[in-house]
Each structure stands twice: as C-alpha cells, then as structure tokens.
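Just below is one structure, and these are the notes that go with it.
The values are calculated or read from the model by the stated rules, or taken from the named source; none is laboratory data. Because the structure is predicted, anything quoted here is derived from the model rather than measured. Cβ coordinates were reconstructed from backbone atoms using ideal geometry, including for glycine residues, and neighbour counts include every protein chain displayed. The protein model used for the area step is the full one, side chains on, heavy atoms only, and it has no ligands, DNA or RNA in it. Shrake-Rupley method; radii C 1.70, N 1.55, O 1.52, S 1.80 Å.
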Amino acid sequence: MKTKLLLILPFLFVAMLGSCNDNDEDSLIVDTKFDNALKARYPDAVNVKWEREGAYTVADFYSQSFDMEAWFDSKAEWMQSETEYGPNLQLLPDEVHAAFVGGEYADWDIEDVSKYERPDITFYVIDIEKVNSRDLEVYYRPDGTLIQAIPDIADITPDTPIP
C-alpha cells in the first residue's frame, strides 16, 4: 500500500502544479507602442497584464497601490482609465463624498468605488446594493453633481455614454 502511495504522489504533485493558473500565461503580448503609451501615462505601473476588450487593448496594473485599468485604441491612444478604491468612500473628493452620504442612496451598502478618467471627462461610480433592490451604479461628477443612477448590468468601457 505504501509503495503504491509513493508511486502515485509524484503524479498528483505534477497534476496539481499543472492545474495552478498564474495568470502570467494569460497576459496578452502587445506591440511596444502600447507599453510605451502606458509608461508615458503611468510611469510607476507595475504588474502589468494586457488583454483585449472588443476594439480596445487594456492594461491591468497597479499604480500608487491602486488596482487600475487603462484602455487604449488600436493606435495606442489612451481612451479611459479606471482606478478602483474598493468600498472606501474616503478616497473620493469631498464634494462627491458629501453628495453620496447626503443623498437618497446613503443607506445602501457600498460594494465598490471607482474613478474613471477619459480625455473629456472624469467621473466617479459607486456600486451599491440593498436587500430586495436591484444593484445600482451611481455616477457623480467631481463637483458632486449626480449624473445618473442605473442598474449595474455591464462593464464601463470608453464607449459607455455618460450624459
């Protein structure tokens, strides 16, 4: 019995190693123009992993301890960045923080807070949930103006219209 176990253990070990996913293998290899564009905008980006999202090439990385994404078009022109703050409202500008805690969604539970930047607009999205209600995304301008509150149904891409 011990002999069989000793013979089987190395195979189990190899099988376990093969099933581990490091995600390094999943990172897309991109043209240097994308790496250069990312480094120009985020020189301190680390742990960069690339992927394709529709027509965009997206870098997932860390910068200044934040999990971020930067979206580039086919010419490696920057189109959008997302900075994830987790559920931390304290990282929002004071105006956005005050608008949320003083607004109609203040009693909802916060799942995530993100900052989005595009060439023409910056906005913040707070993902919220409440028992017996559909999850929502609440959008704010940096001055605390509520843009919209919509069901949380899809990812925000550079093509997502912001009123």
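Observations, loosely collected:
- Across the stretch 62-68, rounded Karplus estimates of 3J(HN,Hα) from the backbone phi angles (6.51 cos²θ - 1.76 cosθ + 1.60, θ = phi - 60°) give 10, 8, 6, 6, 10, 7, 9 Hz, Gly and Pro being marked x.
- Mean accessible surface per residue for the stretch 64-122, computed with a 1.4 Å probe while every protein chain stays in place, in Å²: 52
- Loop-resident sites, the stretch 111-163, for chymotrypsin sites (Phe, Trp or Tyr not before Pro), counting at most 12 other Cβ within 10 Å (DSSP): none
- Hz values of 3J(HN,Hα) by residue in the stretch 85-98 - Karplus curve (6.51, -1.76, 1.60), Gly and Pro given as x: 9, x, x, 8, 5, 5, 7, 6, x, 3, 5, 6, 4, 5
- Among the trypsin sites (Lys or Arg not before Pro) found in the stretch 31-109, those both in a DSSP coil and sparsely packed, with 10 or fewer other Cβ atoms within 10 Å of their Cβ, are K75.
- Cβ charges +1 (Lys, Arg) and -1 (Asp, Glu), total dipole of the stretch 78-128, debye: 200
- The loop-placed GluC sites (Glu not before Pro) in the stretch 59-120, going by DSSP, that have at most 13 neighbouring Cβ atoms within 10 Å of their Cβ come out as E77, E104.
- A Förster radius of 25 Å, combined with the Cβ-Cβ distance separating F66 from D120, puts the computed FRET efficiency at roughly 0.65.
- Candidate residues D44, D109, D94: accessible-area rank, largest first, probe 1.4 Å: D94, D109, D44
- Portion, in percent, of the accessible area of the stretch 106-147 that falls on carbon or sulfur, probe 1.4 Å: 39
- Under the Karplus curve 6.51 cos²θ - 1.76 cosθ + 1.60, θ = phi - 60°, whole-Hz ³J(HN,Hα) for the stretch 44-58, x wherever Gly or Pro sits: 9, 4, 10, 6, 6, 10, 10, 8, 9, 10, x, 7, 10, 9, 10
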